[in-house]
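**Q** Structure provided below as structure tokens; questions to follow.
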Amino acid sequence: MSALITEDEISQEATLVWLENVDELDYVRQSLDRLPTRRGKPAYHRDGRMIGYAQLGSRAKPSRSSGTFRRRVFWLLPHDRDTDPDGLYATGAPSEAVDPRTLAPRVKGRMTERSKGDPRQEDGPRGQELAQEAAHGSPAG
């Protein structure tokens, strides 16, 4: 769940790689996965599709016990709003969802009215503020 990801757990992120254009997505799901490498596209073993992933900096240390690295993976399931707009998440969003406009390396992102399914969807100046907030890692407004 996104709320359970702490800033400390993502402090070694260098970049976020998007496999799709996230501008039209109201939300993406995020998880912290144990992966064998700091960089590169991870294997994907969930239903649905991978939307993006984090790459870690060269100083990131692997787990002492498993030798793996904890990296964020962003994904969507077949019943999510982008493919089923009138379905389960027509309003509301899964607990691990965040607005992709609020994401950046070392910034865990957050839910917005848009990601919760508000029909106003925060277009215009507020959407630009959210994008700026993610780029700079500080609250807008």
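Values in this text are rule-based calculations from the coordinates and carry no lab data. Not measured: the values here are computed from a predicted model. Using ideal geometry, Cβ is built from the backbone for each residue, glycine included, and neighbour counts are taken over all protein chains shown.
**Q** If you stretched the chain out fully between Arg106 and Ser63, how much longer would it get, using 0.36 nm times the residue separation minus the C-alpha to C-alpha distance?
**A** Residue separation times 0.36 nm, minus the Cα-Cα distance, leaves 13.6 nm.
**Q** If you take the beta carbon distance between Lys41 and Ser95 as r and set R0 to 25 Å, what does 1/(1 + (r/R0)^6) give as a FRET efficiency, to the nearest 0.05?
**A** That pair, Lys41 with Ser95, gives E of 0.45.
**Q** OK, next. Need the full-extension length gain, Glu113 to Val17, defined as separation in residues times 0.36 nm minus the C-alpha distance. One decimal, nm.
**A** 32.1 nm
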